[in-house]
Amino acid sequence: MADIKRQAGLAGGEAEHAAWLAEMERASRAKQETFMNGIAARLRHPRTTSKPVQPVRGAPDFWRAFDWTPEERVERFEANWRSVGGHTTRAKDLAEAGRFIAERAQELSARIIVRQDQAELAKLDLEASVPEAEVSVWNADDDVAWKARAAEADIGVVIADQALAYTGTVVVRSAANKGRSVSLLPTVLFILIPVERLGTRLGEALIPMDEGGREALPAGVHFITGPSRSSDIENDLTIGVHGPGVVYAVIVG
């Protein structure tokens, strides 16, 4: 008899709790309705209770077809890159690009240079042209703390996977031989941009990533538009807080 009374008491308590939750839900929704009706009244138009119709989703067709000529892309990219404080130059081939980087490294008295492990960057031959600096190749030695090496580097050298002229943006994907730290941590960054990888619109880089799906994405995709800049603290513009403060875009070809 005692068990029956205890179970009846529990059932009664659960029913009472459910009724209390239902009452709280009703009161909350009523309060929400009053709040939203008040906003609609102040705006002097009826409440909108259904999703608005989107006449267009994504970029319109005219923008998808928009494209500049190769020389227009170079001209616009350089102008946009310089407008945010970056430096640009154009080299006819990798050898000329290597000489340009070596000259800047000597001017800066660079002690440590770190570069991605890419075949194109090996052709720059920085080891021979900047003998006074220690040139490290990302992940070439398991005993090296590579993030620390990138952090102490004066110069980082990477090659762009893609670049977009309309926004003056460079896309750099990470991989085992393309550490993100190479483009983030050194004081000065050189980005080589093969001219055939220079497109017009940002969508040219985003659409293939979307179509490839999550499984095809690398661990990191960096969109670099000039040197690092921040105004987080009292709106004071500061260069080089979150990344290199000096960036060179070297267009090759």
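The values are calculated or read from the model by the stated rules, or taken from the named source; none is laboratory data. Since this is a predicted model, take the numbers as computed values, not measurements. Because the Cβ atoms are built from the backbone with ideal geometry, glycine has one as well, and the counts that use them run over all protein chains shown. Ligands, DNA and RNA are stripped out before the accessible areas are found, and what is left, the full protein with its side chains, is counted by its heavy atoms. Shrake-Rupley method; radii C 1.70, N 1.55, O 1.52, S 1.80 Å.
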Residues satisfying the stated conditions in region 210-239, i.e. crowded, with 16+ Cβ neighbours inside 10 Å, among the small types (Gly, Ala, Ser) and farther than 29 Å from ASP93 by Cβ: SER228
Subset of region 184-222 [in a helix (DSSP H, G or I) and hydrophobic (A, V, I, L, M, F, W, C)]: LEU184, VAL195, ALA205, LEU206, ILE207, MET209, ALA216
Unmet requirement for LYS178, which otherwise passes all of (1) at pLDDT below 95; (2) more than 16 Å from GLU120 (Cβ to Cβ); (3) not β-branched (Val, Ile, Thr): (2)
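Answer with yes or no whether ALA15 is out of contact with any strand residue (DSSP E or B) (no Cβ under 8 Å at 6 or more places or on another chain) and modelled with pLDDT under 85. Outline the logic, then answer.
Values: out of contact with any strand residue (DSSP E or B) (no Cβ under 8 Å at 6 or more places or on another chain): yes; modelled with pLDDT under 85: no.
Against the criterion (out of contact with any strand residue (DSSP E or B) (no Cβ under 8 Å at 6 or more places or on another chain) and modelled with pLDDT under 85), ALA15 does not qualify.
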Yes/no for PRO60 being touching a helix residue (DSSP H, G or I) at 6+ places or on another chain (Cβ under 8 Å) and under 20 Å from ALA165 (Cα atoms): no
Elements of type helices (runs of 4 or more DSSP H) contained in region 76-183, each with 2 or more residues being open to solvent by less than 40 Å² (accessible area, probe 1.4 Å) and closer than 21 Å to LEU198 by Cβ: 94-107
Residue list for region 240-252, restricted to those being open to solvent by 30 Å² or more (accessible area, probe 1.4 Å) and in contact (Cβ under 8 Å) with a residue 60 or more places away in the chain: VAL246, TYR248
Only one of LEU108, LEU202, LEU198, LEU206 that is modelled with pLDDT of 95 or more and among the aliphatic types (A, V, I, L, M): LEU198
Checking ILE207 against (1) within 13 Å of the chain's Cα centre (by Cα); (2) hydrophobic (A, V, I, L, M, F, W, C); (3) open to solvent by 40 Å² or more (accessible area, probe 1.4 Å), the condition it does not meet: (1)
Conditions (1) more than 28 Å from LEU164 (Cβ to Cβ); (2) loosely packed, with under 10 Cβ neighbours inside 10 Å; (3) among the hydroxyl-bearing types (Ser, Thr, Tyr); (4) modelled with pLDDT of 95 or more: number failed by THR69: (1)
